[in-house]
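Student: Next up is a structure, given as structure tokens.
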Amino acid sequence: MADYDDLQYQGISSDNSKRSTRILSGVKKFCKANLLVILLLTSLKLGIIIGFAVKFGSNRDFSKKDVEYISFPGTLFLNALKMVIVPLITTSLISGMASLDKNAYGKLGGKAVLYYMTTTFIAVILGIIVVTSIQPGRGADKDAIQREGSSQQVNTADAFLDLLRNMVPPNIVAACFESYKTRQVPDEIEPGMVTELMSNITGATVTMVMTTEDGITSLVNESVMTTKMPMMRYKSEGGFEDKTNVLGLVVFSCFFGAIIGRMGRQGEPLKIFFDTFMEAIMRLVSLIIWTSPVGIFFLIMGKILEMDDWQKTFQQIGLYSATVMTGLAIHAFIVLPLILFIFARKNPVRYLFGVAPALMTAFATASSSATLPITLQCLEENLNIDRRVTRFVLPIGATVNMDGTALYEAVAAIFIAQVNGLNMDAKDIVTISITATLASIGAAGVPQAGLVTMVIVLNAVGLPIDDITLIIVIDWFLDRCRTTINVWGDSIGAGIVYERSKDELQRLPDPFEDNDKFSIGYQTPNINNTHDDTTL
Ligand code: 7O9
């Protein structure tokens, strides 16, 4: 920039200076877009290399505290991303919905939903094909695989009702930090009642005090014991827990935005307020993005130091991980690019480059919601997707469209069946496809979704839920892989909806492009200065 100013002062002819401005700004733009990708790739690589070097070079185990200190800059980066999520999703949806008319958001929404449903379903089918061809669970010795964590009781009907309850939060301010969850708790133990088997040896007879299926305490002798096992009784208990209720915020913001959009002149001040709010948040995001190379380096390195006995884990369930990764790779490199090319006529490689920062952040954070600010920025700035589309489609996509998760759940369920030597018939396969699709759509609405949705899929086909503990060991890694695919799927969805809705968008005034067109005899402040040099 300084060189250019010098040239101007030296009185170079205006033609030349115009050309050099263009070239300079082109070079500047290219470097800006690519520099970040280069920096991110380098930090990802360095994070892995240095992580392994330190882990094996120092020959010591890193405690939780060590890892906490080492990945501290990464935690700050993650916090910075999470910090903007609530204002970002609410203002982006309100401003996006308010800038579309009833006809347009109906059509855009319809296309987005169609895309989400088809791609998620394709992902599940792909997962089923891959896991039944590779058969990672056949011949695996279930008892030899180390287990980690514990499974939990889930009532499918309660989980579904929680989802609906979360969509209509009783307090919109509280929805920013708490969601409703019904949990299964052991039933109250009354005097004389025990939840676990207890033996009481009196003389030669063994008497056991136990809870029977209907919860009645009874004294049973040894012979009955062999035929009737004691049962743990659970009851549902609902309450609020600390977790942002995204679904509630999304539903509220969509309605609120649509209403503002239909209020005409009366709604203008609010509309301008939310547009400007969103604009300011996006500038904050551009700041945060430049810290991502450092953040990602520390997040990845911390994760590598934290890993314990990864060789053993890979030996035991390596084939299972390979199966999940094969499925995800086919979906990411073949299915989705093909869909992008057929329905949007866009070059998938260029597209991949444009959203690369978002994909790497998704891998490093294992959270598509924390990545959302970067996904928005990449699509708007690098790929020039219309803001009315990104702001409306992406937050919804991040909440309900999870191709990677759906594929993963289908593979995991069939893997567990294979490990137990159980055969899945056509009915079971159909049940798994449907529940895995629905579970991935509802995941964001259910607290502690990862485990809960997996239990729902397993319950639906009667597979042992305790066997979830077999695959938890490697979940931290597969979560990163599937999150990357989730973000890639959301990005491609936004591109397709944009290309397929150009007609509807053209009919509408674009508040982000030209203020005059949309102001109805009302002077609006200029909010259209996103491309000036003050932007970071
Ligand atoms: C994966 F975009 C937002 F901001 F609207 C948004 C905010 C929060 C969207 C979603 C959420 C959210 O809470 N999502 C959520 C997702 C919650 C629990 C589990 C999951 C599933 O996560 C994926 C997985 O485990 O497979 C994956 N980690 O895409 O983030």
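Any read-out appearing in this document is the output of simple, stated calculations on the displayed coordinates, not a laboratory observation. Keep in mind it's a predicted model, so treat the numbers as computed, not measured. Every residue, glycine as well, gets a Cβ built from its backbone with ideal geometry; the counts of neighbours run over all protein chains shown.
Student: Using the number of other C-beta atoms within 10 angstrom as an exposure proxy, rank Leu164, Leu126 with the fewest first.
Tutor: Exposure proxy ranking, most exposed first: Leu164, Leu126.
Student: Subtracting the Cα-Cα distance from 0.36 nm times the residue separation, let me have the gained length for Arg22 to Leu338 in nm, one decimal.
Tutor: My answer for the length gained is 110.3 nm.
Student: Find the percent of Cα-Cα distances in region 400-495 that exceed 19 Å, and round it to a whole number.
Tutor: Cα-Cα pairs of region 400-495 separated by over 19 Å account for 38 percent.
Student: For region 287-352, which trypsin sites (Lys or Arg not before Pro) are both in a DSSP coil and crowded by at most 15 other Cβ atoms within 10 Å?
Tutor: Listed in order of number, the matching sites are Arg345.
Student: What is the distance, in nm, between label points placed 7 Å from the Cα along the Cα-to-Cβ direction at Val185 and at Lys235?
Tutor: Taking the two extended label points, one gets 1.0 nm.
Student: Here's another thing I want to ask about it. Taking 0.36 nm per intervening residue step and subtracting the Cα-Cα distance, what contour gain separates Leu46 from Asn420 on full extension?
Tutor: 130.6 nm
Student: Packing-wise, with mean Cβ within 10 Å as the measure, how do 488-494, 470-476 rank, highest first?
Tutor: The packing order, highest mean first, is 488-494, 470-476.
Student: Same structure, new question: Would you mind putting 390-397, 151-158 in packing order, based on average other-beta-carbon counts within 10 Å, highest first?
Tutor: Going from most to least packed, we get 390-397, 151-158.
Student: Using the count of nearby Cβ atoms within 10 Å as a rough guide to exposure, how do Cys254, Cys31 rank from fewest to most?
Tutor: Taking fewest neighbouring Cβ atoms as first place, the list is Cys31, Cys254.
Student: With labels modelled as points extended 7 Å from the Cα through the Cβ direction, what inter-label distance (nm, one decimal) is found for Val173 paired with Leu508?
Tutor: It is 3.1 nm.
Student: Moving to a separate point now. Listed here are the pairs Lys45/Lys243; Lys111/Lys346; Lys65/Lys142; which of them are more than 28 Å apart at the Cα?
Tutor: Lys45/Lys243; Lys65/Lys142
Student: Same structure, new question: Over the Cα atoms of region 331-462, what radius of gyration and what Dmax do you get, in Å?
Tutor: Rg, Dmax (Cα atoms, Å): 17.0, 51.
Student: Counting other Cβ atoms within 10 Å, which chymotrypsin sites (Phe, Trp or Tyr not before Pro) in region 273-380 have at most 15 and lie in a DSSP loop?
Tutor: In loop regions of region 273-380 (DSSP not H, G, I, E or B), the sparsely surrounded chymotrypsin sites (Phe, Trp or Tyr not before Pro) are Trp290.
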